[in-house]
Structures are given as structure tokens and as C-alpha cells.
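The values are calculated or read from the model by the stated rules, or taken from the named source; none is laboratory data. These numbers were taken from a predicted model, which means no experiment stands behind them. Backbone-built Cβ (ideal geometry, glycine too); neighbour counts: all protein chains shown.
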Amino acid sequence: MVRNFPKYLILILFLNSIFGNALHAQSPLSNSEGNFRETVWLQTDRNLYLSGEKITFHARVLEQDTYKTSALSKNIRIELTNSDGASLIRLNLVLNDAGIEGSMPLSGDLKSGWYCLRAYTNWMRNFPDSDFTVVSVKVINPGEIAKFHESPPDLHPPVLPTQKNGLVITASNHNLIIKPVKPTSGSGENLRLLVHRSGTWYWFENKKLAETTSFTVPKDKIPEGIVQFSLLADDGTVIARRLWNNSNSIFNPVTVSFGQDKIKLRSQLKAEYEASGFDGKADAPGFSVLISIKEPDYAGNARLPGMPGWTCNSAIPETKEDFEKWLEDNCYSDEIIHAFFQPGPEINKGLLHLPETWASLLSGRVIDRKTGKPVPEAGIGVSLLAANRFDAMKTNKDGLFYFTFPDIKGASDYILSFISEPDSTWSIEVFNDFEKRPFKPRKLPFSLSHEELEYARELSTNLQLNRIYSKEEVPEPVRKDPAIREKPFYDPPDKTIYTDNYIELANVGEVVYEVVPNVQVHREGNKAHIGVYSIQPFAHDYETLVLLDGIPLTSQKELLDLPPGRIKSIDVRNKIYIHGNYVFSAVVNFISRNGDFAGLKLPGHSVQGTLSLPSRIQQKAPASLEHDSPVPQLDPLLLWQTGLKFDTGTIEFSVNDLYGNFKIRVFGFDTDGKWWMGKSEFRIGTGK
């Protein structure tokens, strides 16, 4: 049995139907949706930095199954943490065609040690955080260089957990023969063989339980890259598993030719590259070209970030022998395997985080503090104060709500509140913009080789010179959006009552009773509620939305007791109004004279906060060299160019005022997810 239409395509179509329109309140994705996974290819220009420098990075969001550009998420989160996992810098960035390039300044008082750049999307937060991409970098404080002693370079790759996978795979010309290492036993009479990646399965077959059971899988039914063979019993128990790579080679070579011998400072240079057979013309990221001062070798520089079917976080060995051992020692979690056979995938149980569009996303849930259970069908309203805007929706069966604001610019304070009077034990919880789960980086011993110490001293000298000669940049002033009163969401109202046009009455309740047509006050004991009389059919099946300055009031007694002078006007829309996934019989909005909520306290159970909008970084071309400038130019990064799609080409770049050994690296992958890599070195100056 072959699956020809991958699950993630269905998910993308589903999400496009939701997020393709600029909806203000959106129904959340159900838990039964696909197990589509994203991964982040995160690159840094170097692996060793000084405190006070900046880390330049490139990131691209990919489909984990195919390594093609992901069309799902439009924002990415990048964090800098210390060796204990504490977050030091957090960036929420808008992607440009699924990619981003930017920089992150390091504090000048940062201590020497290992630090981590961690990258993930909001959608990736639904899955184990082990899928997040983590790049470890060494940081040296220039003032601490003298205290470090030379130590041998760390040439040993990280040790990965060993899994006893229990399958033997024999290859013929057209097929693979799959057998368990040991005789099988389990609950039921059948064995299932599943050939899959994290989110897609390609082959599935049942056989009667027998000690000699073997399965024959056609090679043409297996995609390029990494897949897993999983053997299951009838009851779903995973008996054995093993990863398999369907590529003939781990990566393909790129030839980089650089013919210049004597190189002058500030000269224009060229290099040629050739990758015979490379196909990067479709939706693959293509090549990156990185030209920078040569770093000392480190343990991870001979390892691939990932391969199709695996996360960009695994540091896969480049050599064939080490790669085969890596395949034996790794596997997908049993949760992923079980997800293919359960109507509600266990790994997606309690799906909380939706993919983000070109907009900010405000999400959370309503829970009952007494029982700890979610509250479905609870009416939630959000008021954006600066934008004079209100949105509403009902929570889903898991108590979740999601609001998107595709046209909001600049930060805006918001108030989340219930539309109807809630139970006393109900609570609104707003999800954090960044991951809350504790992050525990793998502990690495911090030591410096002779080469690394010399490299750090060279960087320190260049950094001091840059500080002397560079012009201090004056940051642009932050411009805040003015709090302009825009048209309300229900515009136009059927009737607007201005209190100054009438004689002053005893209280707001009297104004409603005497002046506002079709609006009534119902009193029950110590409570008072405002309703609207409507002749529309079925209007009585829905509640009236009562607002004060655009914020829902679930109990209106204190408002009705106020002096009328605190209210400037009253808007009434006496028609059934559909807003988000909520239906109101009518809308009544009281507008205070001074925009101060008429002096009342905010409704109980409400939550105040500031809408955090992701930053936009404009993609920049490599900085051009100022050939006539008298100021020394000492940037160790000469060129970083991404998105090269052709199999041959010319790389043009300039050198600056730095002497030393430099490296040209060409690396990336094609439309089949195959890696291509090549490098060349050159020297500026005399000596070795």
C-alpha cells in the first residue's frame, strides 16, 4: 500500500483556507490535523566570538520531510542562551520568503563560555523542543584571554544516545529485504511494517506472525533522504525500528577554484564554483557562499546540519562509516509511530500553537481553576486600545482562543475579557510569545587550543581598532503609533445618542431608559443587565454585546449608576451582528468623555498586556568596501551570499584591511534535499 498524497499537503491547504484571508478572530486548528513538521536551518558566520562583537546569522524554515521551503510559518523566534539554558536575548522576526538574515550583538561584559543560539517557529512549539535548532558557539571575553591555558583541540563529536533498533536490512537491485534481528512475539497474529518519515508514511504492510517473517519493500517507494522502518505488533507495540538513507552519497562535492597568488589589500577578487548535476532552480534554498577569516578547526565543522526526514539539529557525520553508525544509533520516537494509527495523534494532543501569518498572534485558553479543566464555548473579547478596535470569538472544545491582527502596526496595549459574566473560578491564560519549557543545553567542557587563543587575540586587536575608528551609530527614535480613534468595528451604528444634547438626568440608567430607543435595563437583585429589543427573527437566541470604550462589560450595574456627564455618547446597532465566530443580537457601546473607562475599574477576570509585534529585518546585500576610506576596515566576514541556484558560477568579492588566512565555503542543498559542499583557502600577507 502506497500513500501518494502526503499528509502535510492536506494541512497546508487547510491552513491556507484559514490564514489566506485577513481574519481578525480565527477558529483554532483541531487536534486531529496532520503531523506536519517544520525545521530551521540556522547558520552563523563563525563559531568563536568575542564579547562585544555581533553574531551574524542566516535562518531558513524548511519542511522537515523534504527540506523544501516551508509555506506554513511566516515568523521565527531566535534566542541566545547561556550554558545553563537561561535566555539572554530574544528575537521574534518576520521571515522573507521563509528566510531571514540578521545579527545579534553580544554584551561587552559577557563571560567566557559556551552559548547557544536556539531557533524555532510557533508551530514547532507543539512538538518536542528537541526539534528546535540549537547552534553552540564559543564566546571569549577579551579581558579573560590571559587566564586561559592552551589545551588540545576538542576533535571528538558529541556522543548520541544509543538505541537498539533490531532490524536487518539487505539491499538488492530493486528491493530492500527487512527482517527482525530476533524472533518476534507480541499481542495478536499480525506484524505491521511501516516505512515513514516524521510526518508522512510511504509503505505499509501486514503479515502473519512468524519467526521467519520478512518484508520486501521496493526501493522506488522510498524517498531520498532519511526514512525509518518500524515493526509493530497488533496492539501497537513497537517491536523494532531502524533508520535508512536512500541516497547513494551523504553529500556531493562542489569544486571551488581560486587562482590569485599575490593579493593586495582592498582588491576585487573572483572565485569560480562548479557543482555538476546540482538542481536548485525550484523551491530549495540553494547554495550559500561564506567568505571569512579562517577559524581553527572544531568538532562540529565536519558534520551536516540535517537531512530530509530529520531535524536541522542533529549534526549528522559526513564520513560514510560514522554516518552508518549514526543511522544505527538514532530513531524516531514511538509517539510519532503511533500517530499514524490513531485518529487523534498522541503527539498532537492538546495542540496549542498555530502557525503565524504576516501578523501578530494573540492566543491563550480559558480554564476552570477549581477543576483544572478547559472551558469550551466561552466568549472572549480583545480590545486594542491604541487602535480603538474590538474582536471576539468563542473558545473551542479545548478552551483555546486565537486572534490575529494582520493590519496592526506598532505596539498596542490590549485588554482580554469575557463577553458574558463568567463563573468565579474561570481564568484567562495568555500564551507566552516564547517557549516556556526549560531548556537544558548539553554540557560542553570549555577549553581553548593554541590556535583558538591566537585567533581570539587577533579578533581582540581588530575589535579594539574598530572601536577607535568606527563612527558611533545613533539609533533612530522609536516612533509610536498615535492613539487615533478609528471607526468602530460595528460601523455604522443605527443610532448614536450624545448626552450633551439632553438635560442632565440622575444617572446613566435614566439616560438609557428615557433617551436610548429599544434599549432596556433588566434588574435581578443586585445585578443589572442591558438588553436590546429587536424585531428580527431569532435575535432573542443571542446575547447583546455591551461595551464601555470598546471593552465588554459583563455586569452593567456600576455603569448604570454613574453620572451621565462621564459618558460622551452611546452607539446602538440593533441588528444581528456576526463577529469572528460569535453572533450578537445587538451592540451597545458607551463611549466615555475622557477615554478613561468612565473612572470604573476594569471588569473582573480581565487580562491586560501589550501586543508584541514581530520585527521586520530588511534583507541586505553584502556591505560594499569603501576603497578610498582612510578608516581601517577589519570585518572578518567578507561575503555571505545565499540563494545561489545554478550549478556553475562566479563569486565576486572584495578583501579589506585584514591580513591572514581566509576560507571560501560553498554549501547548501538541492531540490532533492541532497547536500553539496566545497571549500578553498587563500592568504593575504606574508608567512605561512
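Of the residues in segment 45-68, how many are surrounded by fewer than 18 Cβ atoms within 10 Å (Cβ to Cβ) and of a type in the set (Val, Ile, Thr)?
0
Taking segment 652-681 as the region of interest, how many residues are over 30 Å from Gly306 (Cβ atoms) and of a type in the set (A, V, I, L, M, F, W, C)?
2
If you go through segment 242-258 one residue at a time, do you hit one that is in contact (Cβ under 8 Å) with a residue 12 or more places away in the chain, within 30 Å of Leu639 (Cβ to Cβ) and in contact with a Ser or Thr (Cβ under 6 Å, 6 or more places away or on another chain)?
Looking for residues that are in contact (Cβ under 8 Å) with a residue 12 or more places away in the chain, within 30 Å of Leu639 (Cβ to Cβ) and in contact with a Ser or Thr (Cβ under 6 Å, 6 or more places away or on another chain), one finds at least one in segment 242-258, hence yes.
Just one of the numbered conditions (1) at pLDDT below 90; (2) of a type in the set (D, E, K, R); (3) within 28 Å of Tyr120 (Cα to Cα) is not true of Glu435; which one?
All conditions are met except number (1).
Let's see how each residue does on (1) under 28 Å from Asp413 (Cα atoms); (2) surrounded by fewer than 17 Cβ atoms within 10 Å (Cβ to Cβ); (3) in contact with a Phe, Trp or Tyr (Cβ under 8 Å, 6 or more places away or on another chain); (4) among the β-branched types (Val, Ile, Thr):
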{"position": "Ile503", "(1), (2), (3), (4)": "no, yes, no, yes"}
{"position": "Val508", "(1), (2), (3), (4)": "yes, no, yes, yes"}
{"position": "Val511", "(1), (2), (3), (4)": "no, no, yes, yes"}
{"position": "Ala528", "(1), (2), (3), (4)": "no, no, no, no"}
{"position": "Asp541", "(1), (2), (3), (4)": "no, yes, no, no"}
{"position": "Gly565", "(1), (2), (3), (4)": "yes, yes, no, no"}
{"position": "Asn589", "(1), (2), (3), (4)": "yes, no, yes, no"}
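Let me confirm something: among Gly286, Gly236, which residue is on the phi > 0 side of the Ramachandran plot, of a type outside the set (S, T, N, Q) and in contact with a strand residue (DSSP E or B) (Cβ under 7 Å, 6 or more places away or on another chain)?
Just one listed residue meets the conditions, Gly286.
Tell me which strands (runs of 3 or more DSSP E) are completely within segment 232-307 and hold 3 or more residues being more than 30 Å from Pro180 (Cβ to Cβ) and of a type in the set (A, V, I, L, M, F, W, C), or say none if there are none.
286-293
Among Ser214, Ser292, Ser267, which is free of Cβ contacts under 8 Å to residues at least 40 places away in the same chain and among the small types (Gly, Ala, Ser)?
So the residue among Ser214, Ser292, Ser267 that is free of Cβ contacts under 8 Å to residues at least 40 places away in the same chain and among the small types (Gly, Ala, Ser) is Ser214.
Looking at segment 328-348, I want the residues that are among the acidic types (Asp, Glu) and have a partner that is at pLDDT 65 or above and surrounded by 14 or more Cβ atoms within 10 Å (Cβ to Cβ) with Cβ atoms under 6 Å, at least 6 apart or on another chain. Which pairs are those?
Taking only residues 6 or more apart or on different chains, the pairs are Asp334/Val238; Glu346/Glu335; Glu346/His338.
Between a residue in segment 515-527 that is more than 17 Å from Leu505 (Cβ to Cβ) and in contact (Cβ under 8 Å) with a residue 24 or more places away in the chain and any residue that is surrounded by 11 or more Cβ atoms within 10 Å (Cβ to Cβ) and not basic (Lys, Arg), which pairs come within a Cβ distance under 7 Å, given they are 6 or more apart or on different chains?
Qualifying pairs under 7 Å: Asn518/Val532; Asn518/Tyr533; Asn518/Asn574; Lys527/Ser555.
Could you tell me which of the residues Thr357, Thr371 is among the hydroxyl-bearing types (Ser, Thr, Tyr) and modelled with pLDDT of 85 or more?
From the options Thr357, Thr371, the qualifying one is Thr371.
Which of the residues that make up segment 672-682 are more than 20 Å from Thr44 (Cβ to Cβ) and at pLDDT 90 or above?
Correct list: Ser680, Phe682.
Output the residues belonging to segment 515-539 that are of a type outside the set (Val, Ile, Thr), modelled with pLDDT of 90 or more and within 24 Å of Phe597 (Cβ to Cβ).
Gln520, Gly531
Residues in segment 406-424: is at least one over 18 Å from Ser615 (Cα atoms), among the basic types (Lys, Arg) and surrounded by fewer than 20 Cβ atoms within 10 Å (Cβ to Cβ)?
Checked segment 406-424: no residue is over 18 Å from Ser615 (Cα atoms), among the basic types (Lys, Arg) and surrounded by fewer than 20 Cβ atoms within 10 Å (Cβ to Cβ).
Would you mind finding the one in Pro142, Pro223, Pro152, Pro218 that is farther than 17 Å from Arg241 by Cβ and modelled with pLDDT under 80?
The match here is Pro152.
Here are some conditions: (1) surrounded by fewer than 21 Cβ atoms within 10 Å (Cβ to Cβ); (2) in contact (Cβ under 8 Å) with a residue 60 or more places away in the chain. Leu361 meets all but one. Which one does it not meet?
Checking Leu361 against (1) surrounded by fewer than 21 Cβ atoms within 10 Å (Cβ to Cβ); (2) in contact (Cβ under 8 Å) with a residue 60 or more places away in the chain, the one that fails is (1).
Take the conditions surrounded by fewer than 16 Cβ atoms within 10 Å (Cβ to Cβ) and modelled with pLDDT of 85 or more and apply them to Phe669. Does it pass?
Spelling it out, it is not the case that Phe669 is surrounded by fewer than 16 Cβ atoms within 10 Å (Cβ to Cβ) and modelled with pLDDT of 85 or more.
For the subset of segment 626-657 comprising residues that are modelled with pLDDT of 85 or more and among the polar types (S, T, N, Q), which member is farthest from Gly277 (Cα to Cα)?
Restricting to residues being modelled with pLDDT of 85 or more and among the polar types (S, T, N, Q), the top hit is Asn656.
If I ask for residues that are surrounded by 16 or more Cβ atoms within 10 Å (Cβ to Cβ) and in a loop (DSSP other than H, G, I, E, B), which ones from segment 72-103 would you list?
Leu72, Ser73, Lys74, Asn82, Ser83, Leu95, Ala98
Picking from Gly604, Gly609, which residue would you name as being within 18 Å of Leu385 (Cβ to Cβ), exposed (fewer than 15 other Cβ atoms within 10 Å of the Cβ) and within 35 Å of the chain's Cα centre (by Cα)?
Selected residue: Gly609, the only one of Gly604, Gly609 that is within 18 Å of Leu385 (Cβ to Cβ), exposed (fewer than 15 other Cβ atoms within 10 Å of the Cβ) and within 35 Å of the chain's Cα centre (by Cα).
Here is a list: Pro317, Pro253. Which entry is surrounded by 15 or more Cβ atoms within 10 Å (Cβ to Cβ), over 25 Å from the mean Cα position of the chain (by Cα) and either farther than 19 Å from Thr650 by Cβ or not polar (S, T, N, Q) (or both)?
Pro317
For segment 564-571, check the following and say yes or no: at least one residue is assigned to a helix (DSSP H, G or I), at negative phi and touching a strand residue (DSSP E or B) at 6+ places or on another chain (Cβ under 9 Å).
Yes.
Does segment 431-442 include one or more residues that are more than 30 Å from Gly113 (Cβ to Cβ) and charged (D, E, K, R)?
Within segment 431-442 (the criterion being more than 30 Å from Gly113 (Cβ to Cβ) and charged (D, E, K, R)), the answer is no, since none of the residues qualifies.
Here are Val521, Val546: which of them is over 44 Å from the mean Cα position of the chain (by Cα), assigned to a strand (DSSP E or B) and buried (at least 16 other Cβ atoms within 10 Å of the Cβ)?
Val521
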